[in-house]
Amino acid sequence: MASIRKLPSGRWQAQVMRVGVRKSKSFVSKLEAKDWAAREEYLISDCRPKGATVTLGEAFNRYASEVSPKKRGERWEVVRLRKLRKDAFASILMADLTPSDFATWRDQRLGEVSPGTVKREMELVSGVLAISRQEWGYLVSNPMAEVRRPAKPAPRNRLVSDRELEALAISAGGDLSNATARAFHAFLFAIETAMRSGEILELTWAHVDIESRVAHLPMTKNGTSRDVPLSSEAVRLLGMLPHADPIFDLDATSRDALWRKLRDRAGVVGLTFHDARHSAITKLARRLDVLDLARMVGHKNVAQLMTYYNESAASIAQRLG
């Protein structure tokens with residue numbers, strides 16, 4: 001819809017906004033302004049972007065099939081995009097999307113999940129919109145760029161206690177031919193090595209040197225390889241497992257489900273598998289200097305260690321003497 005208004009200078013300004021395209025220009029006469037606006041509206045309508053016929057949900061589909069497979073986080077992205085396609089905004093044509101559509105969706109999600117989850121989802125959707133604008137021609141601008149992200153949540157400081165480990169061990173059982181027991185065994189291995197769940201599940205015997213006590217990770221979350229030194233306890237844990245390749249014989253989906261089941265059965269509240277990394281780094285910090293620790297866990301910036309180092313003041317006081 002065109003808007004014509006008279007400026008304080010006496011000139012006439014015409015403004016046009018259609019399918020996400022905004023234009024304005026001033027003229028000496030009102031007739032000139034109206035003629036220009038009518039012509040621009042026609043040109044914009046006649047040259048509608050591809051996004052005028054493609055919905056956001058269809059863009060999610062294309063991103064999941066063409067872009068996500070090139071990333072380490074493919075599984076999370078594909079699963080998340082599949083869920084996002086069920087939300088109301090997925091049916092909106094790309095050319096008709098506005099910041100308010102995403103603000104409404106954000107507020108709805110904040111009532112369902114944590115701010116951290118919403119922030120990650122917003123970054124994913126923003127990535128879809130960026131590719132849609134830069135490479136696919138669906139958009140002339142990214143409407144998500146104007147939408148506020150939730151405040152960054154406070155970092156977790158959850159450590160597993162000895163009592164919780166005992167309860168988890170009873171819940172999991174000791175038969176390592178059972179997948180539930182191996183899921184807990186992977187948690188124990190994570191506490192010894194500070195390795196991430198995905199790194200543990202992808203570990204194969206070809207990349208473990210028992211004699212040198214080193215596990216080689218060909219590809220990590222950071223996009224690089226890493227060698228992880230193994231404690232004698234980590235080697236012992238590996239030796240207890242039934243022979244399989246990958247070593248823990250679990251996939252991400254089953255590991256997640258099994259972990260939640262055994263944790264809830266043990267009556268342990270609020271503990272995630274990733275909290276093993278917090279416990280590991282906090283424990284390793286007592287034995288390694290900061291550079292060795294950063295190299296072992298794969299942090300290129302030593303300041304990142306503070307996110308996972310959760311030693312209590314009381315425990316530090318005991319070491320002071």
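The values are calculated or read from the model by the stated rules, or taken from the named source; none is laboratory data. Note that this is a predicted model, so its numbers are computed, not measured. No Cβ is skipped: glycine too gets one built from the backbone with ideal geometry, and neighbour counts run over all protein chains shown.
Within the range 177-205, work out how many residues are without any contact (Cβ under 8 Å) to a residue 12 or more places away in the chain and of a type in the set (G, A, S). Reasoning before the result, please.
Looking only at the range 177-205, we keep the residues that are without any contact (Cβ under 8 Å) to a residue 12 or more places away in the chain, and these are 178, 181.
In the following step, the residues that additionally are of a type in the set (G, A, S) were identified as 181.
The total comes to 1.
Pull up the range 142-174, narrow it to residues that are assigned to a helix (DSSP H, G or I) and among the charged types (D, E, K, R), then point me to the one that is surrounded by the most Cβ atoms within 10 Å (Cβ to Cβ).
Checked the range 142-174; the qualifying residue surrounded by the most Cβ atoms within 10 Å (Cβ to Cβ) is E164.
Whenever a residue of the range 222-247 is under 16 Å from L284 (Cα atoms) and touching a residue at least 40 places away in the same chain (Cβ under 8 Å), its partners that are surrounded by 11 or more Cβ atoms within 10 Å (Cβ to Cβ) and small (G, A, S), lying with C-beta atoms within less than 7 angstrom and at least six residues away or across chains, give the pairs V228/A215. Among the criteria (1) more than 30 Å from F189 (Cβ to Cβ); (2) more than 16 Å from the chain's Cα centre (by Cα), the one M122 does not fulfil is (2). Within the range 218-246, restricting attention to residues that are in contact with a Ser or Thr (Cβ under 6 Å, 6 or more places away or on another chain) and either assigned to a strand (DSSP E or B) or hydrophobic (A, V, I, L, M, F, W, C) (or both), which residue is farthest from D292 (Cα to Cα)? Selected residue: A234.
Of the residues R82, R72, only one is surrounded by fewer than 14 Cβ atoms within 10 Å (Cβ to Cβ) and part of a helix (DSSP H, G or I); which?
On the way: R72 fails: part of a helix (DSSP H, G or I).
On inspection, the qualifying residue turns out to be R82.
Taking the range 220-236 as the range and being in contact with a Gly (Cβ under 7 Å, 6 or more places away or on another chain) and among the hydroxyl-bearing types (S, T, Y) as the test, only T220 passes.
Counting only residues that are modelled with pLDDT under 95 and among the small types (G, A, S), which one in the range 181-202 is surrounded by the fewest Cβ atoms within 10 Å (Cβ to Cβ)? By that ranking, first place goes to G198. When the criteria are applied in full, L176 meets the requirement of being touching a Lys or Arg at 6+ places or on another chain (Cβ under 7 Å), more than 13 Å from F273 (Cβ to Cβ) and at pLDDT 95 or above.
Quick test for you: out of V290, V268, V214, V208, pick the one residue that is among the β-branched types (V, I, T) and in contact with a Pro (Cβ under 9 Å, 6 or more places away or on another chain). Talk me through it step by step, then tell me what you get.
Working: V290 fails: in contact with a Pro (Cβ under 9 Å, 6 or more places away or on another chain); V268 fails: in contact with a Pro (Cβ under 9 Å, 6 or more places away or on another chain); V208 fails: in contact with a Pro (Cβ under 9 Å, 6 or more places away or on another chain).
Testing whether each residue is among the β-branched types (V, I, T) and in contact with a Pro (Cβ under 9 Å, 6 or more places away or on another chain) leaves just V214.
Where residues in the range 118-130 are of a type in the set (A, V, I, L, M, F, W, C) and surrounded by 17 or more Cβ atoms within 10 Å (Cβ to Cβ), which of them is farthest from R18 (Cα to Cα)?
Taking the range 118-130 first, the residues of a type in the set (A, V, I, L, M, F, W, C) are 118, 122, 124-125, 128-130.
If we keep only those that are surrounded by 17 or more Cβ atoms within 10 Å (Cβ to Cβ) too, we end up with 118, 122, 124-125, 128-129.
Values: V118: 30, M122: 26, L124: 27, V125: 23, V128: 22, L129: 19 Å.
Out of the qualifying residues, it is V118.
Check the range 131-141 and report whether any residue there is touching a Pro at 6+ places or on another chain (Cβ under 7 Å), assigned to a helix (DSSP H, G or I), buried (at least 19 other Cβ atoms within 10 Å of the Cβ) and at negative phi. No, the conditions are met nowhere in the range 131-141. Flag: A172 does not match the condition of being of a type in the set (G, A, S) and over 24 Å from S231 (Cα atoms). Contact map, the range 249-261: first residue within 14 Å of A172 (Cα to Cα) and assigned by TED's automatic domain parsing to the domain that holds G173, second residue surrounded by 15 or more Cβ atoms within 10 Å (Cβ to Cβ) and among the β-branched types (V, I, T), Cβ cut-off under 9 Å, separation 6 or more or different chains; pairs are R255/I200; L258/T180; W259/T180; W259/T272; K261/T180. Scanning the range 252-288 for residues that are under 21 Å from the mean Cα position of the chain (by Cα), in a loop (DSSP other than H, G, I, E, B) and surrounded by 15 or more Cβ atoms within 10 Å (Cβ to Cβ) yields a total of 3.
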